[in-house]
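The block underneath contains the structure these notes are about, expressed in structure tokens.
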Amino acid sequence: MKLEIQGDRKSGYNLVMSPEGFFTADSWHETRQAALETAHELFGVDVKDWTE
């Protein structure tokens, strides 16, 4: 699965989830931290696991 966080402070952040063989989905978050927390809750991805 490919996970990305896209966005900025002005517009908010989308956690984009692209599982192989399925449609891409996303969830909107007011802050980058909230998107990171959702990724952790749903997929167990820790902050240290993200790359730029």
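Could we say that Thr24 is hydroxyl-bearing (Ser, Thr, Tyr), surrounded by 10 or more Cβ atoms within 10 Å (Cβ to Cβ) and over 9 Å from the mean Cα position of the chain (by Cα) here?
yes
Would you pick out the residues in the range 27-40 that are more than 8 Å from the chain's Cα centre (by Cα) and not in a strand (DSSP E or B)?
Those that are more than 8 Å from the chain's Cα centre (by Cα) and not in a strand (DSSP E or B): Glu30, Thr31, Arg32, Gln33, Ala34, Glu37, His40.
Give the residue that is farthest from the chain's Cα centre (by Cα), with candidates limited to residues of the range 1-21 that are closer than 19 Å to Val47 by Cα and exposed (fewer than 13 other Cβ atoms within 10 Å of the Cβ).
Restricting attention to the range 1-21, the residues satisfying the condition of being closer than 19 Å to Val47 by Cα are 1-9, 12-18.
In the following step, the residues that additionally are exposed (fewer than 13 other Cβ atoms within 10 Å of the Cβ) were identified as 1-2, 6, 8-9.
On the way: Met1: 11, Lys2: 9, Gln6: 8, Asp8: 13, Arg9: 15 Å.
This residue is Arg9.
Which one of these does Thr51 not meet: (1) free of Cβ contacts under 8 Å to residues at least 12 places away in the same chain; (2) in a helix (DSSP H, G or I)?
Going through the list (1) free of Cβ contacts under 8 Å to residues at least 12 places away in the same chain; (2) in a helix (DSSP H, G or I), Thr51 breaks only (2).
Considering (1) free of Cβ contacts under 8 Å to residues at least 40 places away in the same chain; (2) β-branched (Val, Ile, Thr); (3) surrounded by 12 or more Cβ atoms within 10 Å (Cβ to Cβ), say which one Val45 fails and leave the rest.
If we test Val45 against (1) free of Cβ contacts under 8 Å to residues at least 40 places away in the same chain; (2) β-branched (Val, Ile, Thr); (3) surrounded by 12 or more Cβ atoms within 10 Å (Cβ to Cβ), just (1) comes out false.
Read-outs throughout are calculated quantities, based only on the coordinates presented, and are distinct from any laboratory measurement. All of these numbers come straight from a predicted model, not from anything done at the bench. Positions of Cβ are generated from backbone atoms using ideal geometry, with glycine treated the same way; all protein chains shown enter the neighbour counts.
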